[in-house]
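The values are calculated or read from the model by the stated rules, or taken from the named source; none is laboratory data. From a predicted model like this one, the values you see are computed outputs, not experimental measurements. Cβ placement follows ideal geometry from the backbone for every residue including glycine, while neighbour counts extend to all protein chains displayed.
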Amino acid sequence: MTKAELIRKFHILLHQAGWDEEDKKALLAQYGVQSSKELRSQELEEICRQLSQCFGQAAQEKDKWRKRLIGAIGAWLKTMDKEKGNNLPLIKGIACRAARCKEFNQIELSHLRGLYFAFRKQEKMAQSAKALSIEQMQEIILGAIERVKNERY
């Protein structure tokens, strides 16, 4: 990677980690510099590697729960006889409304988990309601058939 690419990566990682300008200055002060441009390429690589290790796992965990939530909402929509179960913008919109958040990627990990379990529960309840309805319909039909048989004899 070129130095410019490393500096860009450095700033992206800081942003993803939620570090502000003061945090960045404190980190740079450990290397005796005031700007990321003053760092050597080896130092930038080292910092980026450390930031990736520290915050990469948290980002992967969040990404995993985002995907789970998308799947849970999609399954719930399909259970509700919506043909929109594969509509990603709709699914993300539902998640954002449920989390009271403007952007899907800004939903906190704890909210992602909670929403996932809530939508899974809703899906199971909808499936149970469908199954119950089918069983009730079968009972009604069987009862009607039985009454017709009794009337004939």
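So here's what we get for this one:
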{"read-out": "Members of the stretch 74-87 that are of a type in the set (Gly, Ala, Ser) and in a helix (DSSP H, G or I)", "value": "Gly74, Ala75"}
{"read-out": "Residue pairs meeting the criteria (Cβ under 9 Å; at least 6 apart or on separate chains; first closer than 27 Å to Asn105 by Cα, in the stretch 15-43; second of a type in the set (S, T, N, Q))", "value": "Lys24/Ser36; Lys25/Gln34"}
{"read-out": "Filter result for Ile47 (part of a helix (DSSP H, G or I), within 21 Å of Lys121 (Cβ to Cβ) and either free of Cβ contacts under 8 Å to residues at least 40 places away in the same chain or touching a strand residue (DSSP E or B) at 6+ places or on another chain (Cβ under 9 Å) (or both))", "value": "no"}
{"read-out": "Residues of the stretch 50-98 that turn out to be modelled with pLDDT of 85 or more and touching a Gly at 6+ places or on another chain (Cβ under 6 Å), as a count", "value": "4"}
{"read-out": "Close pairs (9 angstrom Cβ cut-off, 6 or more residues apart or separate chains): outside any helix (DSSP H, G or I) in the stretch 88-109, among the charged types (D, E, K, R) anywhere", "value": "Cys101/Glu108; Glu103/Lys92; Ile107/Lys62; Ile107/Arg66; Glu108/Lys62"}
{"read-out": "Any hit, the stretch 114-125, residues being loosely packed, with under 10 Cβ neighbours inside 10 Å and out of contact with any Leu (no Cβ under 6 Å at 6 or more places or on another chain)", "value": "no"}
{"read-out": "Residue in the stretch 1-37 that is modelled with the highest pLDDT, counting only those that are of a type in the set (Asp, Glu) and out of contact with any helix residue (DSSP H, G or I) (no Cβ under 8 Å at 6 or more places or on another chain)", "value": "Glu5"}
{"read-out": "One residue from Ala126, Ala144 being over 21 Å from Ala59 (Cα atoms) and either outside any helix (DSSP H, G or I) or touching a residue at least 24 places away in the same chain (Cβ under 8 Å) (or both)", "value": "Ala126"}
{"read-out": "Meets criteria (surrounded by 12 or more Cβ atoms within 10 Å (Cβ to Cβ), aliphatic (A, V, I, L, M) and under 28 Å from Glu5 (Cβ atoms)) for Leu39", "value": "yes"}
{"read-out": "Yes/no for Trp65 being touching a residue at least 24 places away in the same chain (Cβ under 8 Å), under 20 Å from Lys121 (Cα atoms), out of contact with any Leu (no Cβ under 6 Å at 6 or more places or on another chain) and aromatic (Phe, Trp, Tyr)", "value": "no"}
{"read-out": "Output for the stretch 11-38, where each listed residue is assigned to a helix (DSSP H, G or I), of a type outside the set (Gly, Ala, Ser) and more than 25 Å from the chain's Cα centre (by Cα)", "value": "Glu21, Glu22, Asp23, Lys24, Lys25, Leu27, Leu28, Gln30, Lys37, Glu38"}
{"read-out": "Per-region count, the stretch 75-112, residues surrounded by 15 or more Cβ atoms within 10 Å (Cβ to Cβ), among the charged types (D, E, K, R) and under 10 Å from the mean Cα position of the chain (by Cα)", "value": "1"}
